[in-house]
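Reviewing the structure listed below.
The values are calculated or read from the model by the stated rules, or taken from the named source; none is laboratory data. This is a predicted model, so every value here is computed, not measured. Cβ placement follows ideal geometry from the backbone for every residue including glycine, while neighbour counts extend to all protein chains displayed. The protein model used for the area step is the full one, side chains on, heavy atoms only, and it has no ligands, DNA or RNA in it. Shrake-Rupley method; radii C 1.70, N 1.55, O 1.52, S 1.80 Å.
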Amino acid sequence: FDIAYFSNKVDKEKYQSDKSPLENIEEIKKLSIAFCHNILDPKQKNLLFVGKAGTGKTFMSSCIANEIVNKGYTVLYQTAPLLMDMLLEAKFASLRDEMKKEQYANVFDVDLLIIDDLGTENLNNMKFTELFNIINTRLLKDKKTIISTNLSLAELASEYDDRVMSRLIGNYTICRFFGEDIRLKKKRMN
């Protein structure tokens, strides 16, 4: 994870922070490294990455996934829309479709589940119930989860009910990514 794309200029008005994007991402990187070292520690909180598109959330999640796989643990990485569709399809699959049933079980049993782009799925009651079930069951099993979203905490609270928000706020370390869109910055540099 290359921190060179983050500015060391503090812009409190623009980012609502006394830290520069560089200082912020250095802290998030340290938290992410500690998360990798403590993946099996029940005291280790899960991670919730929030911030605008292009600020490094998905890339940081991928770096963590790679590190966890290299340590010999299991990881499932999926976008929220595809994960919700997969779960509902598996839940209602015929009893003969063992592969779909196994996929469903894996969501709850892998060492690390990464849900990317939470808030982009089309929510209905079944999907909402499945999301709550994933978060709650993994917490009860002491299985680690990383969730990334382009939504702010306030926007998440308006999309999801108190049960989901309580678990996210109480059991996840919230990492707010901010700065320039790295993809756009790279394009300008080339």
Return a yes/no flag: does the range 24-39 have any residue that is under 19 Å from the mean Cα position of the chain (by Cα), polar (S, T, N, Q) and open to solvent by less than 50 Å² (accessible area, probe 1.4 Å).
yes
Looking at the structure I just gave you, is Leu184 of a type outside the set (Ser, Thr, Tyr) and assigned to a loop (DSSP other than H, G, I, E, B)?
no
If you go through the range 50-74, how many residues are among the aliphatic types (A, V, I, L, M), open to solvent by less than 40 Å² (accessible area, probe 1.4 Å) and over 12 Å from the mean Cα position of the chain (by Cα)?
1
The range 75-109, residues that are β-branched (Val, Ile, Thr) and either open to solvent by less than 20 Å² (accessible area, probe 1.4 Å) or in contact with a helix residue (DSSP H, G or I) (Cβ under 6 Å, 6 or more places away or on another chain) (or both):
Val75, Val107
Can you tell me how many residues in the range 121-136 are assigned to a helix (DSSP H, G or I) and either among the small types (Gly, Ala, Ser) or open to solvent by 40 Å² or more (accessible area, probe 1.4 Å) (or both)?
4
When Asn46 is evaluated against the numbered criteria (1) surrounded by 14 or more Cβ atoms within 10 Å (Cβ to Cβ); (2) touching a Ser or Thr at 6+ places or on another chain (Cβ under 8 Å); (3) under 23 Å from Asp181 (Cα atoms), which criterion, by number, is the only one it fails?
(3)
Of (1) under 24 Å from Gly170 (Cα atoms); (2) of a type in the set (A, V, I, L, M, F, W, C); (3) out of contact with any Lys or Arg (no Cβ under 8 Å at 6 or more places or on another chain); (4) not in a loop (DSSP other than H, G, I, E, B), Leu113 satisfies all except one. Which?
(3)
Top-ranked residue in the range 150-164 [being hydrophobic (A, V, I, L, M, F, W, C) and touching a residue at least 12 places away in the same chain (Cβ under 8 Å); ranked as surrounded by the fewest Cβ atoms within 10 Å (Cβ to Cβ)]
Leu153
In the set Leu112, Leu139, Leu118, which member is crowded, with 19+ Cβ neighbours inside 10 Å and either more than 30 Å from Asp18 (Cα to Cα) or in contact (Cβ under 8 Å) with a residue 40 or more places away in the chain (or both)?
Leu112
Has the range 173-190 got any residue that is open to solvent by 70 Å² or more (accessible area, probe 1.4 Å) and under 21 Å from Glu27 (Cβ atoms)?
yes
